[in-house]
Amino acid sequence: MVLCLLVLCLLFSACSILICLYNSISNPYETYMGPIGVYTCSSLSACLSVLALIVFVLNINVTNMAEDLVKNFAGGLLVDLKNKSSEMQLGYYLIIPYTVLCLGAIAVIYNYDHAAYKQRKEQQRPTEDAPKEIMMY
(Lines give C-alpha, C1' and ligand atoms only; values in the text may rest on other atoms or scores of the structure.)
Protein backbone atom coordinates (compact mmCIF):
# COMPACT_ATOMS: atom_id res chain seq x y z
CA MET A 1 0.00 0.00 0.00
CA VAL A 2 2.85 2.37 0.82
CA LEU A 3 4.48 1.66 -2.54
CA CYS A 4 1.19 2.36 -4.34
CA LEU A 5 0.86 5.67 -2.49
CA LEU A 6 4.43 6.61 -3.41
CA VAL A 7 3.83 5.70 -7.07
CA LEU A 8 0.76 7.94 -7.05
CA CYS A 9 2.89 10.72 -5.51
CA LEU A 10 5.38 10.32 -8.33
CA LEU A 11 2.58 10.37 -10.92
CA PHE A 12 1.01 13.55 -9.54
CA SER A 13 4.42 15.17 -9.24
CA ALA A 14 5.13 14.36 -12.90
CA CYS A 15 1.73 15.80 -13.87
CA SER A 16 2.55 18.98 -11.99
CA ILE A 17 5.91 19.29 -13.76
CA LEU A 18 4.35 18.63 -17.18
CA ILE A 19 1.61 21.20 -16.61
CA CYS A 20 4.23 23.78 -15.56
CA LEU A 21 6.35 23.06 -18.63
CA TYR A 22 3.37 23.20 -20.98
CA ASN A 23 2.13 26.47 -19.52
CA SER A 24 5.58 28.08 -19.68
CA ILE A 25 6.22 27.04 -23.30
CA SER A 26 2.74 27.45 -24.80
CA ASN A 27 0.98 30.61 -25.87
CA PRO A 28 0.49 32.84 -22.79
CA TYR A 29 -3.21 33.19 -23.55
CA GLU A 30 -3.74 29.41 -23.80
CA THR A 31 -2.78 27.61 -20.61
CA TYR A 32 -3.70 24.12 -19.59
CA MET A 33 -5.55 24.29 -16.26
CA GLY A 34 -3.55 27.35 -15.19
CA PRO A 35 -2.19 27.50 -11.66
CA ILE A 36 -5.16 25.44 -10.42
CA GLY A 37 -3.84 22.32 -12.18
CA VAL A 38 -0.40 22.67 -10.62
CA TYR A 39 -1.96 23.47 -7.25
CA THR A 40 -4.19 20.39 -7.42
CA CYS A 41 -1.43 17.99 -8.50
CA SER A 42 1.01 19.31 -5.90
CA SER A 43 -1.54 19.16 -3.09
CA LEU A 44 -2.55 15.61 -3.99
CA SER A 45 1.10 14.61 -4.09
CA ALA A 46 1.79 16.20 -0.70
CA CYS A 47 -1.27 14.61 0.93
CA LEU A 48 -0.42 11.17 -0.44
CA SER A 49 3.19 11.44 0.72
CA VAL A 50 2.08 12.34 4.27
CA LEU A 51 -0.36 9.44 4.17
CA ALA A 52 2.45 7.10 3.02
CA LEU A 53 4.62 8.27 5.93
CA ILE A 54 1.85 7.64 8.45
CA VAL A 55 0.87 4.25 7.02
CA PHE A 56 4.50 3.09 6.97
CA VAL A 57 5.12 4.08 10.59
CA LEU A 58 1.88 2.47 11.75
CA ASN A 59 2.65 -0.66 9.75
CA ILE A 60 6.11 -1.05 11.27
CA ASN A 61 5.39 -0.06 14.88
CA VAL A 62 1.83 -1.24 15.50
CA THR A 63 1.62 -4.48 13.52
CA ASN A 64 3.89 -7.51 13.58
CA MET A 65 4.57 -7.36 9.86
CA ALA A 66 8.37 -7.33 10.16
CA GLU A 67 8.43 -10.36 12.47
CA ASP A 68 6.00 -12.27 10.27
CA LEU A 69 8.09 -11.45 7.22
CA VAL A 70 11.23 -12.87 8.87
CA LYS A 71 9.37 -16.00 9.94
CA ASN A 72 7.95 -16.55 6.44
CA PHE A 73 11.33 -16.19 4.72
CA ALA A 74 13.10 -18.44 7.22
CA GLY A 75 11.80 -21.42 5.31
CA GLY A 76 11.08 -24.45 7.44
CA LEU A 77 13.36 -23.27 10.26
CA LEU A 78 11.95 -22.43 13.65
CA VAL A 79 12.93 -18.83 14.39
CA ASP A 80 12.86 -17.30 17.84
CA LEU A 81 13.20 -13.52 17.64
CA LYS A 82 14.73 -11.64 20.59
CA ASN A 83 15.46 -7.94 21.08
CA LYS A 84 13.12 -6.90 18.29
CA SER A 85 13.54 -3.34 17.05
CA SER A 86 12.57 -1.34 14.01
CA GLU A 87 14.74 1.26 12.34
CA MET A 88 13.75 3.88 9.82
CA GLN A 89 16.36 4.13 7.08
CA LEU A 90 17.30 6.94 4.70
CA GLY A 91 14.51 6.23 2.19
CA TYR A 92 11.87 7.00 4.78
CA TYR A 93 13.43 10.33 5.70
CA LEU A 94 13.78 11.37 2.05
CA ILE A 95 10.00 11.55 1.78
CA ILE A 96 9.93 14.39 4.33
CA PRO A 97 11.86 16.93 2.14
CA TYR A 98 9.67 15.86 -0.79
CA THR A 99 6.57 16.71 1.23
CA VAL A 100 8.07 20.03 2.32
CA LEU A 101 8.93 20.93 -1.28
CA CYS A 102 5.40 20.07 -2.43
CA LEU A 103 3.98 22.30 0.30
CA GLY A 104 6.44 25.03 -0.75
CA ALA A 105 5.20 24.75 -4.33
CA ILE A 106 1.63 25.10 -3.09
CA ALA A 107 2.59 28.22 -1.12
CA VAL A 108 4.33 29.77 -4.14
CA ILE A 109 1.35 29.07 -6.39
CA TYR A 110 -1.07 30.47 -3.81
CA ASN A 111 0.99 33.66 -3.43
CA TYR A 112 1.27 34.05 -7.22
CA ASP A 113 -2.47 33.55 -7.71
CA HIS A 114 -3.28 35.94 -4.84
CA ALA A 115 -0.95 38.63 -6.26
CA ALA A 116 -2.47 38.24 -9.75
CA TYR A 117 -5.98 38.52 -8.30
CA LYS A 118 -5.02 41.60 -6.31
CA GLN A 119 -3.49 43.24 -9.39
CA ARG A 120 -6.63 42.53 -11.47
CA LYS A 121 -8.82 44.09 -8.79
CA GLU A 122 -6.61 47.19 -8.61
CA GLN A 123 -6.79 47.63 -12.36
CA GLN A 124 -10.59 47.34 -12.39
CA ARG A 125 -11.35 50.05 -9.85
CA PRO A 126 -11.07 53.68 -10.93
CA THR A 127 -8.17 55.73 -9.72
CA GLU A 128 -9.07 57.83 -6.71
CA ASP A 129 -6.47 60.49 -7.43
CA ALA A 130 -8.00 61.56 -10.74
CA PRO A 131 -10.10 64.74 -10.91
CA LYS A 132 -13.85 64.27 -10.82
CA GLU A 133 -14.35 65.59 -14.38
CA ILE A 134 -12.17 62.84 -15.81
CA MET A 135 -13.91 60.17 -13.76
CA MET A 136 -17.32 61.30 -15.04
CA TYR A 137 -16.32 60.58 -18.65
* Checklist (1) loosely packed, with under 11 Cβ neighbours inside 10 Å; (2) touching a residue at least 24 places away in the same chain (Cβ under 8 Å) applied to Ser85, failing item -> (2)
* Asked: Just for helices (runs of 4 or more DSSP H) wholly inside region 50-137: which have at least 1 residues that are among the polar types (S, T, N, Q) and either modelled with pLDDT of 75 or more or in contact with a Lys or Arg (Cβ under 7 Å, 6 or more places away or on another chain) (or both)?
  -> 65-73, 95-124
* Looking at (1) over 25 Å from the mean Cα position of the chain (by Cα); (2) within 30 Å of Ala116 (Cα to Cα), can you tell me which one Val62 breaks? -> (2)
* To do: Could you pull out the residue among Tyr22, Tyr32 that is surrounded by fewer than 17 Cβ atoms within 10 Å (Cβ to Cβ) and either part of a helix (DSSP H, G or I) or in contact with a strand residue (DSSP E or B) (Cβ under 8 Å, 6 or more places away or on another chain) (or both)?
  => Tyr22
* Structure fact -> Of (1) crowded, with 17+ Cβ neighbours inside 10 Å; (2) more than 20 Å from Tyr110 (Cα to Cα), Met65 fails just (1)
* Any residue in region 46-57 that's of a type in the set (Ser, Thr, Tyr): show its pairings with residues that are in a helix (DSSP H, G or I) at Cβ separation under 7 Å, as long as the two are six or more apart or on different chains. => Ser49/Cys9; Ser49/Ile95; Ser49/Tyr98; Ser49/Thr99; Ser49/Cys102
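The values are calculated or read from the model by the stated rules, or taken from the named source; none is laboratory data. Just so it is clear, the model here is predicted, and its values are computed rather than measured. Here Cβ is always computed from backbone atoms with ideal geometry, including for glycine, and neighbour counts include all displayed protein chains.
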